[in-house]
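This report concerns only the one structure given below.
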Amino acid sequence: IKSVLLCISKMSKLLMIAGDFVEDYEIMVPFQALTMLGYQVDTVCPNKKSGDKIKTAVHDFEGDQTYVERPGHAFTLNKDFDAVTVDEYVGLVIPGGRAPEYLRLDDKVMEYTKHFFDTNKPVAAICHGVQLLSAGGFLKDKEATGYYACGPEVTLGGGKYIKLEADQAHQDGNLVTAVAWPGHPEWLKKFVQVLGAKIEL
């Protein structure tokens with residue numbers, strides 16, 4: 001049986017910004033996977049504290065012209081939003097769902113996000129997460145993918161929208177984006193690579 005060797009920096013804290021009706025898979029899967037690798041994933045939401053819960057939604061594809069939305073699990077936050085010190089984090093994760101459309105209205109969310117782009121730290125956004133990045137002007141002159149309906153927002157934000165299959169992801173420097181939760185394996189693999197972690201089997 002082969003062993004798994006994980007090489008991760010001692011400074012291994014990641015910030016995840018989420019909100020009510022974040023997509024269930026897109027918050028829980030990266031949270032659990034990155035935690036399994038040894039990262040401390042601090043998940044926050046404006047006006048909420050550690051121990052508070054946010055509602056999630058499951059977005060699925062059942063043959064309609066767009067996704068359907070079902071109730072998801074409650075997700076328990078593990079960090080006070082106002083206690084975040086962005087310098088402590090090596091990367092940022094922005095899940096999709098409906099949360100990004102209102103999170104981008106929060107000045108503190110945008111301030112936190114700006115830090116990661118100003119310092120060229122790794123950022124992973126999936127599905128509707130690019131709505132937040134586009135609103136802040138963080139996609140200017142960058143390539144990004146995301147849920148197809150968000151393509152025009154990427155373009156209007158000065159970026160180049162990369163249309164991919166749902167199970168694919170795109171990397172532009174330290175920015176890693178994916179279309180939707182079917183792309184989790186590729187998205188997380190690319191994100192871990194830009195974080196500098198090494199996984200050997």
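The values are calculated or read from the model by the stated rules, or taken from the named source; none is laboratory data. Bear in mind the structure is a predicted one, so any value in this text is a computation, not a measurement. Heads up, the Cβs are rebuilt from the backbone with ideal geometry, glycines too, and the neighbour counts pull from every protein chain shown. The area values use the complete protein model at the heavy-atom level, side chains included, leaving out ligands, DNA and RNA. Shrake-Rupley method; radii C 1.70, N 1.55, O 1.52, S 1.80 Å.
Residues in the chain average 49 Å² of solvent-accessible surface per residue, probe 1.4 Å, ligands and nucleic acids excluded.
Each Cα pair under 8 Å and six or more residues apart adds its separation to the average, and for the chain the resulting relative contact order is 21 percent.
On the chain, 51 percent of the accessible area sits on carbon and sulfur atoms, based on a 1.4 Å probe.
Order 74-86, 34-46, 101-113, 117-129 from most to least packed using the mean count of other Cβ atoms within 10 Å.
117-129, 34-46, 101-113, 74-86
Summarising the amide proton neighbourhood of Val58: residues at separation of 5 or more, or on other chains, whose placed amide H is nearer than 5 Å comprise Asp24, Arg70, Gly72. Among the listed pairs Lys108/Lys163; Lys49/Lys140; Lys114/Lys163; Lys79/Lys108; Lys13/Lys49, give every one whose C-alpha distance is greater than 21 Å. Checking Cα-Cα distances, Lys108/Lys163; Lys49/Lys140; Lys114/Lys163 exceed 21 Å.
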